[in-house]
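J.: Have a look at the structure that comes next, please.
Just so it is clear, none of the values below were taken in a lab; they were calculated from the coordinates. All values reported here derive from a predicted model rather than from experimental measurement. Please note: Cβ atoms are built from the backbone with ideal geometry, for glycine as well, and neighbour counts cover all protein chains shown.
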Amino acid sequence: MFTVLVVIYSATGANVHPNLLALAFPLLLLHSALLGTGTGLIISSVTTKYRDLNVLVSFGVTLWMYLTPVVYPVSQISSEIRWIFLLNPAAPVIESFRYAFLGCGSFEWFYLLISAVVTIFLLLFGMIVFNQVEKNFIDTV
């Protein structure tokens, strides 16, 4: 659906300039799915055991959304603190999507690599935590 919209916007003359990085769409999508899976496994494991953390997790997810440049591009952030925002593992993926399909934004391999390493760590850590807590899920629920 997204690809169809990009083609339609490009054909109608909108300010959309897809480039060759758009071919990496499946990899970026996989990266984002693995990041969501890893954090989801950790959050579900922890909140099953400690139910009071649901409020903290809800606040944390909201805060993470505001710290991730979805609505605003990274270029609007001051260059002195831009690197802090790009250490957010979701930010380089979002910026790569923006750069690949809109032709604006930034694409930085270094921060995307850091994001991939953090994503793999979160996924592995989430799987370990989930497997440890899974044994007691039925007793806790």
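J.: Report, in degrees rounded to the nearest 10, the 0 to 90 angle that the Cα long axis of helix 2-11 makes with the longest principal axis of the chain.
T.: Tilt of helix 2-11: around 10 degrees.
J.: Give the label of the value calculated from the structure for percent of Cα pairs over 18 Å apart, choosing from (1) 53; (2) 63; (3) 59.
T.: Step by step, percent of Cα pairs over 18 Å apart for this structure corresponds to label (2).
J.: May I ask you to sort H17, H31 by Cβ crowding, counting other Cβ atoms within 10 Å and putting the fewest first?
T.: Fewest-to-most Cβ neighbours within 10 Å comes out as H17, H31.
J.: Right, here's the next one. For the chain, what does the helix formula give at 222 nm: sum of -39500 (n - 2.57) over DSSP H segments with n ≥ 4, over the residue count, nearest 500 deg cm²/dmol?
T.: Here the helix-only value at 222 nm equals -22000 deg cm²/dmol.
J.: Also, I was wondering about something else. In the chain, once you exclude exposed trypsin sites (Lys or Arg not before Pro) (DSSP loop, at most 11 other Cβ within 10 angstrom), what's the longest stretch remaining? Please list the in-between numbers first.
T.: On the way: sites that count: R51, K135.
Looking at the chain, 52-134 is the longest stretch - no exposed trypsin sites (Lys or Arg not before Pro) with at most 11 other Cβ atoms within 10 Å.
J.: Length gain on complete extension for the stretch L29 to H17, per 0.36 nm per residue less the alpha carbon to alpha carbon distance?
T.: Values: separation 12, 0.36 × 12 = 4.32 nm, distance 1.93 nm.
Fully extending the segment from L29 to H17 adds 2.4 nm.
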